[in-house]
1. Say whether the condition of being free of Cβ contacts under 8 Å to residues at least 24 places away in the same chain, in a helix (DSSP H, G or I), over 24 Å from residue 138 (Cα atoms) and out of contact with any helix residue (DSSP H, G or I) (no Cβ under 9 Å at 6 or more places or on another chain) is met by at least one residue in the stretch 24-45.
2. Looking only at helices (runs of 4 or more DSSP H) that fall completely inside the stretch 79-174, which ones have 1 or more residues that are at pLDDT below 85 and loosely packed, with under 14 Cβ neighbours inside 10 Å?
3. Do you know which residues across the stretch 12-23 are assigned to a helix (DSSP H, G or I) and touching a helix residue (DSSP H, G or I) at 6+ places or on another chain (Cβ under 6 Å)?
4. Residues that are surrounded by fewer than 18 Cβ atoms within 10 Å (Cβ to Cβ), modelled with pLDDT under 80 and more than 17 Å from the chain's Cα centre (by Cα): does the stretch 64-76 have at least one?
């Protein structure tokens, strides 16, 4: 099982790098969906010794929401907005990928100072969880399109989720479920907001909203 966990963890990190280097919004959404499915399986692998109905429900909900529901909502927003690519991000794609590698290095340095690392099944788990958090924050601040910023929010939440299941231990089920539902509501509301922004201004460039200041 440890080999499967390490493979899933490596794939999660590679998906982070892919999103940092992708300009096509649909590909970014599909990568987020892949991350959601991976996290559902990682949940079961990490807690295999204490597998329960509660854990199965959480895993299925993670796969269902992050792997299918959220991507469906985001892809629909892309179609309605008529925007396919992030042409001119604040930070270029090559620079972003290099930044992703640096974020992993910083995450490894931080994780070496976290006591919970010693109890993790793989030494790569917590560094990747932290780098996923950093990647999500980076996407939020380095991309112009509101849709890419929503994707960054989802990546950020995925990093928190992975850190929680690998480092924190037992978390009350209602809290875990509440986090997933909060993310669902946030994505739903952001999708509505993006549609309104696009309808009023014919674009979803978040940086152009500064023109609304009186």
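1. No, that holds for no residue.
2. Counting at least 1 such residues, we get no helices (runs of 4 or more DSSP H) at all.
3. The first filter runs over the stretch 12-23 and keeps only residues assigned to a helix (DSSP H, G or I), leaving 12-21.
Residues satisfying the conditions are 12, 13, 15, 16, 17, 18, 19, 20, 21.
4. For the stretch 64-76, residues surrounded by fewer than 18 Cβ atoms within 10 Å (Cβ to Cβ), modelled with pLDDT under 80 and more than 17 Å from the chain's Cα centre (by Cα): absent.
The values are calculated or read from the model by the stated rules, or taken from the named source; none is laboratory data. It should be emphasised that the depicted structure is a prediction, and the values quoted were computed from it without experimental measurement. Methodologically, a virtual Cβ is constructed for each residue, glycine included, from the backbone with ideal geometry; neighbour enumeration extends over all protein chains shown.
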